[in-house]
1. Quick check: the angle from helix 376-414's long axis to the longest principal axis of the chain, C-alpha only, nearest 10 degrees?
2. How many nm is it between the label spots at Val270 and Phe457, if each spot is 7 Å from the Cα in line with the beta carbon?
3. Arranged from highest to lowest average of other beta-carbon atoms within 10 Å per residue, in what order do the peptides 497-510, 39-52 appear?
4. Hey, any idea what Rg/Rh is for the range 178-243, computing Rh the Kirkwood way over Cα pairs?
5. Relative to the longest principal Cα axis of the chain, at what angle does helix 257-272 sit, 0 to 90 degrees, rounded to 10?
6. Provide the convex hull volume over Cα atoms per residue for the chain, in Å³.
7. Beyond a 31 Å Cα-Cα separation, which of these cross-linked pairs lie in this structure: Lys169/Lys481; Lys136/Lys510; Lys98/Lys137; Lys161/Lys470?
8. Eigenvalues of the Cα gyration tensor times 5, then square-rooted: what semi-axes does that give for the range 419-530, in whole angstrom, largest first?
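A short reminder: the numbers here are calculations on the coordinates, not readings from a lab. Values in this document were obtained by computation on a predicted structure and should not be read as measured data. Every residue, glycine as well, gets a Cβ built from its backbone with ideal geometry; the counts of neighbours run over all protein chains shown.
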Amino acid sequence: MKTSACFPLVAILALGAAVVQATVGSTPRGVSPADAKLYVPDNHGQWKCLDGSKTIPFSAVNDDYCDCKDGSDEPGTSACGTGFFYCANIGHVGSSIKTSRVNDGVCDPECCDGTDEFDGQIHCPNICETVGTEAKKEQERVRAIQEKGSILRKEYIEYGKSAKSQLRKELEDLKAKIDELQKAAVDAKDKLDDVNEKLENYLEGSKNEREIARKAQLVPLIEEQTRRLKRSHDAKAFLLKSLQDLKENHNKNYHDLAVKSTVTAFDEFVASQGDEHKSEPLASTEDNDGSDSETSADERLKTLTDDTHVVQREIGTLYDLLAGMKQEYNTEYNDEAVLAAVKITEEFELNWDSDRQEFKDELPLDIPAEESDDTPEAEKLKEETDLAQADYDAASSEESRVEDRISDIERKLEMDFGPDETFAKLLDQCFEFKDSEYTYSFCFFGDANQRSHSTTFLGKFSGWGEEGKKYNTQWYTGGTKCWNGPERSVKLELTCGESNEITSVSEPAKCEYLYKMKTPAVCPVLPESEQGPSTSEPKDKNGAKSHDEL
Ligand code: MAN
């Protein structure tokens, strides 16, 4: 139609606006602007419940009688109680409450405009202006933290990514040179074994030479000492025989006390000698040139000297028996056996020094000092060994250092540092929280402890938290077992903050600890346009310094 075709555009727009206005204007009480389009009657003034269960006249909406199963026909009364009542809260943000709370005589805080109580029972003032202002302030505060946190989190991410890629590069380099280092250590070890063997052989060889020379030096002394030992054995045998003759042949009728006590002491002496002493231990003198393969010439000489001293002490004892008798015996008896023994004693003392208990003509042997093995050749070989040892130590410690670093890098590369490697920055950073009784601490990805007089281990990092908020929770488990309870453990809950800080620690169940912590690591990553100027990271309130290397 021409007329309509010519209907001015302004008029069409004005009409449209009027229709929308009419629809909005007739939106039933308690319906949110988003749902307004659902509360429009059909051409016959009818309306269908939102669950489609029933069609009722649109005039029955909010007639304080519940028609629809889902309660959708009574959004503005408590007749159904199951639907939702929308309060616009102008000046703050709109919100919905259960319709059962409409006109229940309580000013619901969710409806700061007071529209949920309109039947006059109670007056709920509209406090949306104040609430809105407060909420806005809080929002701004949170937003400011998120902005600062976001900047730091981005720094963490940058750090984590670059640290991991540096580690990958370093790992590649180290792996490329580890074979070489291992070979260098093996070569150095071979060299060391080689020079060690040379030195040992040299010392062994020179030891043999020195021993042969020493033997040659000591042979005359060994021969002399062997002769002395033999002489002592002979003298001892001679004195034993003399005393035996005395014992057997003296006249027992005289009862000479001096003789009797000598004989008794002689018997005791004989009894005190073990069987081995009864035979003459002179077999060892056969090997008198010191050529024994096991013992050195020095040892041989020492054994001979010691043996001689033992026999000489025995000679001393036997001689003293005879000398004592010689002083005390009764000369009037003229007992031939006794006189013979006295004669023997007198002859013996011509050669015997009873103070030193040695033969008078036997002066101590002059034993020359041993030669040392410090030859220039040995010194040179020792120096070479020391150098080879130092080379080997250096090569092997370099090999271990690189191997340790490789394992360390591999471990770090496998670690889950959260989305975009955010938490790499916090690796091994430690934080504390003091309450009235304990100081609680933990190091990221390390250990958690509780300290008072002593330190109690609360657990070791064992993984990230529950599904959904995986990277907002960490677990530290396997701590010291609680008396009559579980092993101690820590749940670390993280929320966005502009610095790293443990804000509280509690023990909700025995030996199960809850650390609450603020950290930039879980702040939202805001687009550049929404964040303030970049600042460097502030010092953490209760924690450690940041570190530059992963
Ligand atoms: C210690 C602390 C406490 C814990 C008890 C359990 O006192 O570790 O936190 O509750 O042991 O016996």
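1. 20
2. About 7.7 nm separates the two model spin labels.
3. Working: 497-510: 16.6, 39-52: 13.4.
With the highest mean Cβ count within 10 Å placed first, the list reads 497-510, 39-52.
4. Values: Rg = 26.7 Å, Rh = 16.7 Å.
Here Rg/Rh amounts to 1.60.
5. So the helix axis and the longest Cα principal axis differ by about 40 degrees.
6. On the way: hull volume 222.0 nm³, N = 550.
Taking only Cα atoms, the chain has a hull volume of 404 Å³ per residue.
7. Flagged as over cut-off: Lys169/Lys481; Lys136/Lys510.
8. Working: eigenvalues 140, 42, 29 Å².
Semi-axis lengths for the range 419-530 are 26, 15, 12 Å.
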